[in-house]
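Structure first, then comments.
The values are calculated or read from the model by the stated rules, or taken from the named source; none is laboratory data. Every value quoted in this text rests on a predicted model; they were computed, and no experiment measured them. With ligands, DNA and RNA removed, areas are computed over all heavy atoms of the protein, side chains included. Shrake-Rupley method; radii C 1.70, N 1.55, O 1.52, S 1.80 Å.
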Amino acid sequence: VGGGLAGLSCAVHLLNATRSQRVNLHIFDASAPGEGGASAVAAGLLHPFSRNGREVWRGAEGFAASSELVSEVEALVGPVSQ
């Protein structure tokens, strides 16, 4: 899977769903996880407000889901560097 938000989300859910089985999972990405491609500019997923300060549609839910994903990845592989 890729190292962006979608790929990491798939990886986390796959690993959680197969805890009782041995799974070989590889992350392939040209950049560090979350630092390239669409994930590098995924501001709508990571920031719940528009430029004028209004909350974007389902912004709080997207922010909460993104934060939960980062926490799950950190629990599996250690803190994500910034």
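A few points about this structure:
- ³J(HN,Hα) computed for each position of region 2-13 - Karplus, 6.51 cos²θ - 1.76 cosθ + 1.60, integer Hz, glycine/proline x: x, x, x, 4, 5, x, 5, 5, 4, 5, 4, 5
- Per-residue 3J(HN,Hα) values for region 69-74, derived from phi via the Karplus relation 6.51 cos²θ - 1.76 cosθ + 1.60 with θ = phi - 60°, read 4, 4, 5, 5, 5, 4 Hz in sequence order (x marks Gly and Pro).
- Amide hydrogen neighbours beyond the local backbone of V56, cut-off 5 Å, H modeled: F49, S50
- For G4, the residues 5 or more places off, or on other chains, whose built amide H falls under 5 Å of its own are G34.
- Sequence of E74, E68 when ordered by accessible area, the most exposed leading, probe 1.4 angstrom: E68, E74
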